[in-house]
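Visitor: Sharing a structure with you now.
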């Protein structure tokens, strides 16, 4: 197929489908670093014109990453649901954009086509959509998952409590858990990034988190974000593993860079399911992703970073995860340069994940060498909450003292709940009420300094 | 965790005072409405401002050269002409500018060890700590020949590869400013590469990270560790994942996370 159009008297031609997609992407430093970005603003619009007229089913006939060379492509093609795709098969990418925005296209319609969509179709249509379009459509989509509570219900926003410590000190971690719970944070997961990634270290922390959870019968799940092979070993040793975590990306080679393949993820899912620890559901996997992961592993196959990111969601959905989040500003300014690029990428990732049927959350974050600050995070957290984001990550005072980057604060969760009326997962909300932490309006009660909350026993007080 | 409350019962303020000793995390900050008290907002902004200033401050290479005297010094630039380009294009920070390459002194018979001081992501840290760190390292390397100390602008770790090759160094040691965090903005890292030449992978380097005065590794401890590693590297004729030390060593690689992520490391979560 030829990819070209005439725009204002100038002819624009593109050498391949990957070239069209890369040039159609909103500007970002990672595509410039890879030498894939549009060389002019006009070329970017021309690529969007070309993309708008492409039939959706073209993506089923032309693989961006070769089928023979890549197990992620094989997963995408072999698991494609032709019946679910049937109602969209006559559309162009531009027509698909209009169908998504049509007011008659509701949550049920989106869910019905999810398995008929490939990541490439979803990435393509996102490039034709403004930020408000990404928000409006994602807001209509519902992806509901469950373990000890239910994530993704309408009007709900869950939070991951991230109590990291630079030396994995158990009391220091417990102190940060206490801080998060007092802000009503932690229904998505209480999840630690360990400073030292080892089997004994992770097992110690898993036992500690499970003890904390059981001490107050908290209806949530815990996780130590250690490598999947460590999690398998820890499960074999009998430790109380709720969720198995892994970082994933959109190509076989990039996943190999993370030390994983689809087979090991399946083995881990089976092992965690075998523990049968969920009470209201059995979604046992937790994945993190982020634009730029494939390029940084030199495993992007000449494909733009947003399309590669969306392919990671196809990997995720094959394992029925409880939680998936993009760590949107973590990887650095060579991939997403500033607040504008981070905000756009966060909205794209959330939209694309939701459309594919993935329980999408976001780590709204940035590093100190990016052109971004807390004002940008305020904007993105607000937009994502309007978009119906499944969960956000919170750390005390926005400062992750182990990973040295800034995320949302526990206070930001309070602000979003008060400002947007979003509530925690229902089982967790009922627990907060039992603990006397909700005020009459359903907000988190502020504690007087002279009082001691019952939860203080968590930290030995 | 399940012990009975001591008597008399502590207040919440007492509990936070105790807990703050267990973690540098910003816990127990208090609330104004649904958000943070202003003092905590401004504390955070100051920490972020210091980290940003550390990223963007230019390295005063002449002052650093004076700090290094009487050690011979050569100043070079990478292909990244300025900070914005450097931040967007890590590839340009890994190659030596043509002008710098042609101005290098003759390699002669080469040297055992070449030190390259690069600004990296914290010129502040390099300005204040690199000279003392290099001196401490050289003191651990009796009997080895040391090349001129290279001071490199807009440098990534891999800039040591073309420099080490051009000056025929058996080992290149890159001293570089690490990505600033909110708590520490002047941390340094040391990267050792045996047989430097362009194309070396990160898995062929050893990293000693987190060298700073605020609870990090001291220059003396880092230098002692480097000395052991470097002699072992010369003995084995390699560096990287196959070179180990008994001391707790932060190796860059998959599945490893350190308190201060080495700047060239793919983020590992």
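The values are calculated or read from the model by the stated rules, or taken from the named source; none is laboratory data. What you see is a predicted model, and the numbers here were worked out from it, not measured in a lab. Neighbour counts are summed over all protein chains in view; Cβ atoms, including those assigned to glycine, are modelled from backbone coordinates with ideal geometry.
Visitor: Name every residue in region B:99-113 that is surrounded by 13 or more Cβ atoms within 10 Å (Cβ to Cβ) and free of Cβ contacts under 8 Å to residues at least 60 places away in the same chain, in order of residue number.
Guide: Answer for region B:99-113, where residues must be surrounded by 13 or more Cβ atoms within 10 Å (Cβ to Cβ) and free of Cβ contacts under 8 Å to residues at least 60 places away in the same chain: B:100, B:111.
Visitor: Got a number for residues in region A:206-218 being in contact with a helix residue (DSSP H, G or I) (Cβ under 7 Å, 6 or more places away or on another chain) and buried (at least 22 other Cβ atoms within 10 Å of the Cβ)? Spell out how you get there, then give the answer.
Guide: Step one: filter region A:206-218 for residues in contact with a helix residue (DSSP H, G or I) (Cβ under 7 Å, 6 or more places away or on another chain), giving A:206, A:208, A:212, A:215-216, A:218.
From the residues that got through so far, the ones that are buried (at least 22 other Cβ atoms within 10 Å of the Cβ) too are A:206, A:212, A:218.
Summing the residues that are in contact with a helix residue (DSSP H, G or I) (Cβ under 7 Å, 6 or more places away or on another chain) and buried (at least 22 other Cβ atoms within 10 Å of the Cβ) in region A:206-218 gives 3.
Visitor: Where residues in region A:396-428 are free of Cβ contacts under 8 Å to residues at least 24 places away in the same chain and under 19 Å from residue A:189 (Cα atoms), which of them is nearest to the other protein chains (Cβ to nearest Cβ)?
Guide: Taking the candidates together, the pick is A:397.
Visitor: Sort through A:128, A:134 and tell me the only one that's more than 14 Å from chain B (Cβ to nearest Cβ), crowded, with 21+ Cβ neighbours inside 10 Å and either modelled with pLDDT of 95 or more or not in a loop (DSSP other than H, G, I, E, B) (or both). Please lay out each step first, then the result.
Guide: On the way: A:128 fails: crowded, with 21+ Cβ neighbours inside 10 Å.
Of the residues listed, the single one that is more than 14 Å from chain B (Cβ to nearest Cβ), crowded, with 21+ Cβ neighbours inside 10 Å and either modelled with pLDDT of 95 or more or not in a loop (DSSP other than H, G, I, E, B) (or both) is A:134.
Visitor: Let me ask something else about it. Checking the conditions here, which among A:213, A:277 is closer than 18 Å to residue A:146 by Cα and outside any helix (DSSP H, G or I)?
Guide: Working: A:213 fails: outside any helix (DSSP H, G or I).
It is A:277.
Visitor: Consider residue A:429 against the criteria (1) modelled with pLDDT of 95 or more; (2) touching a helix residue (DSSP H, G or I) at 6+ places or on another chain (Cβ under 6 Å): it satisfies all of them except one. Which criterion is unmet?
Guide: (2)
Visitor: Being surrounded by 23 or more Cβ atoms within 10 Å (Cβ to Cβ) and on the phi > 0 side of the Ramachandran plot is the filter here, so list the residues in region A:398-424 that pass it.
Guide: Of everything in region A:398-424, those that are surrounded by 23 or more Cβ atoms within 10 Å (Cβ to Cβ) and on the phi > 0 side of the Ramachandran plot turn out to be A:398, A:404.
Visitor: If you go through region A:435-448 one residue at a time, how many are surrounded by fewer than 11 Cβ atoms within 10 Å (Cβ to Cβ) and either in a helix (DSSP H, G or I) or facing another protein chain (nearest Cβ under 7 Å) (or both)?
Guide: 0
Visitor: Is region A:235-251 home to any residue that is within 11 Å of chain B (Cβ to nearest Cβ), surrounded by fewer than 21 Cβ atoms within 10 Å (Cβ to Cβ) and touching a residue at least 12 places away in the same chain (Cβ under 8 Å)?
Guide: no
Visitor: Is one or more of the residues making up region B:104-117 within 14 Å of chain A (Cβ to nearest Cβ) and in a loop (DSSP other than H, G, I, E, B)?
Guide: no
Visitor: Still on this model: In region A:362-392, which residue that is farther than 19 Å from residue B:55 by Cα and within 11 Å of chain B (Cβ to nearest Cβ) is surrounded by the fewest Cβ atoms within 10 Å (Cβ to Cβ)?
Guide: Ranking the qualifying residues of region A:362-392, first place goes to A:375.
Visitor: Kindly list the number of the only condition in (1) touching a residue at least 24 places away in the same chain (Cβ under 8 Å); (2) out of contact with any helix residue (DSSP H, G or I) (no Cβ under 7 Å at 6 or more places or on another chain); (3) within 12 Å of chain B (Cβ to nearest Cβ); (4) under 27 Å from residue A:412 (Cβ atoms) that fails for residue A:221.
Guide: Failed condition: (3).
Visitor: Of everything in region B:217-251 that's over 17 Å from residue A:193 (Cβ atoms), in a loop (DSSP other than H, G, I, E, B) and within 14 Å of chain A (Cβ to nearest Cβ), which residue is modelled with the highest pLDDT? Lay out the reasoning, then the answer.
Guide: Start the filter on region B:217-251 by keeping residues that are over 17 Å from residue A:193 (Cβ atoms), which leaves B:217-249, B:251.
Checking which are in a loop (DSSP other than H, G, I, E, B) leaves us with B:218, B:237-249, B:251.
Those left that are additionally within 14 Å of chain A (Cβ to nearest Cβ): B:241, B:248-249, B:251.
On the way: B:241: 77, B:248: 39, B:249: 41, B:251: 37.
For region B:217-251, the residue satisfying everything is B:241.
Visitor: Restricting to region A:101-125, count the residues that are closer than 29 Å to residue A:427 by Cβ, in contact with a helix residue (DSSP H, G or I) (Cβ under 7 Å, 6 or more places away or on another chain) and surrounded by fewer than 18 Cβ atoms within 10 Å (Cβ to Cβ).
Guide: Step one: list which residues in region A:101-125 are closer than 29 Å to residue A:427 by Cβ, which gives A:106-112, A:114-115.
In the following step, the residues that additionally are in contact with a helix residue (DSSP H, G or I) (Cβ under 7 Å, 6 or more places away or on another chain) were identified as A:106-107, A:110, A:112, A:114-115.
Keeping just the survivors that are surrounded by fewer than 18 Cβ atoms within 10 Å (Cβ to Cβ) gives A:106-107, A:112, A:115.
Result for region A:101-125: 4.
Visitor: I've got another one for you. Which ones in region A:262-294 are within 14 Å of another protein chain (Cβ to nearest Cβ) and surrounded by 24 or more Cβ atoms within 10 Å (Cβ to Cβ)? Give the steps one after another, and end with the answer.
Guide: Keep residues of region A:262-294 that are within 14 Å of another protein chain (Cβ to nearest Cβ), which gives A:264, A:286-294.
Matches in region A:262-294: A:286, A:287, A:288, A:289, A:290, A:291, A:292, A:293, A:294.
Visitor: Among the candidates A:314, A:239, A:272, A:299, which residue alone is part of a helix (DSSP H, G or I), at negative phi and out of contact with any strand residue (DSSP E or B) (no Cβ under 7 Å at 6 or more places or on another chain)?
Guide: Numbers: A:239 fails: part of a helix (DSSP H, G or I); A:272 fails: out of contact with any strand residue (DSSP E or B) (no Cβ under 7 Å at 6 or more places or on another chain); A:299 fails: part of a helix (DSSP H, G or I).
A:314 is the lone residue from the list that is part of a helix (DSSP H, G or I), at negative phi and out of contact with any strand residue (DSSP E or B) (no Cβ under 7 Å at 6 or more places or on another chain).
Visitor: More than 24 Å from residue A:299 (Cβ to Cβ) and touching a helix residue (DSSP H, G or I) at 6+ places or on another chain (Cβ under 9 Å): does that describe residue A:23? Spell out the reasoning first.
Guide: On the way: more than 24 Å from residue A:299 (Cβ to Cβ): no; touching a helix residue (DSSP H, G or I) at 6+ places or on another chain (Cβ under 9 Å): yes.
Answer is no for this residue.
Visitor: State yes or no: is residue A:333 modelled with pLDDT of 95 or more and within 20 Å of residue A:358 (Cα to Cα)? Show your work before the answer.
Guide: Working: modelled with pLDDT of 95 or more: yes; within 20 Å of residue A:358 (Cα to Cα): no.
No, not satisfied.
Visitor: Right, here's the next one. Kindly provide the set of residues from region B:34-44 that are facing another protein chain (nearest Cβ under 8 Å) and surrounded by fewer than 17 Cβ atoms within 10 Å (Cβ to Cβ), ordered by number.
Guide: Step one: filter region B:34-44 for residues facing another protein chain (nearest Cβ under 8 Å), giving B:34-36, B:40, B:44.
Scanning region B:34-44 gives a single hit, B:35.
Visitor: I'd like the residue in region B:62-80 that is in a loop (DSSP other than H, G, I, E, B) and free of Cβ contacts under 8 Å to residues at least 12 places away in the same chain and, out of all such residues, is nearest to the chain's Cα centre (by Cα). It would help to see each step written out before you state the result.
Guide: Keep residues of region B:62-80 that are in a loop (DSSP other than H, G, I, E, B), which gives B:69-72, B:79-80.
Okay, now just the ones that are also free of Cβ contacts under 8 Å to residues at least 12 places away in the same chain, so B:69-70.
Working: B:69: 22, B:70: 24 Å.
Applying the filter and picking the extreme gives B:69.
Visitor: Does region A:317-331 hold any residues that are assigned to a loop (DSSP other than H, G, I, E, B) and touching a helix residue (DSSP H, G or I) at 6+ places or on another chain (Cβ under 8 Å), and which are they?
Guide: Going residue by residue through region A:317-331, those that are assigned to a loop (DSSP other than H, G, I, E, B) are A:318-322, A:328-331.
Those that are assigned to a loop (DSSP other than H, G, I, E, B) and touching a helix residue (DSSP H, G or I) at 6+ places or on another chain (Cβ under 8 Å): A:318, A:319, A:320, A:328, A:329, A:331.
Visitor: Considering every residue within region A:181-197, establish whether at least one is more than 23 Å from the chain's Cα centre (by Cα) and over 20 Å from residue A:285 (Cα atoms). Walk me through how you get there before you give the answer.
Guide: Within region A:181-197, the first condition is being more than 23 Å from the chain's Cα centre (by Cα), and the residues that meet it are A:182, A:196.
When the remaining residues are screened for being over 20 Å from residue A:285 (Cα atoms), the result is A:182, A:196.
Within region A:181-197, one or more residues are more than 23 Å from the chain's Cα centre (by Cα) and over 20 Å from residue A:285 (Cα atoms).
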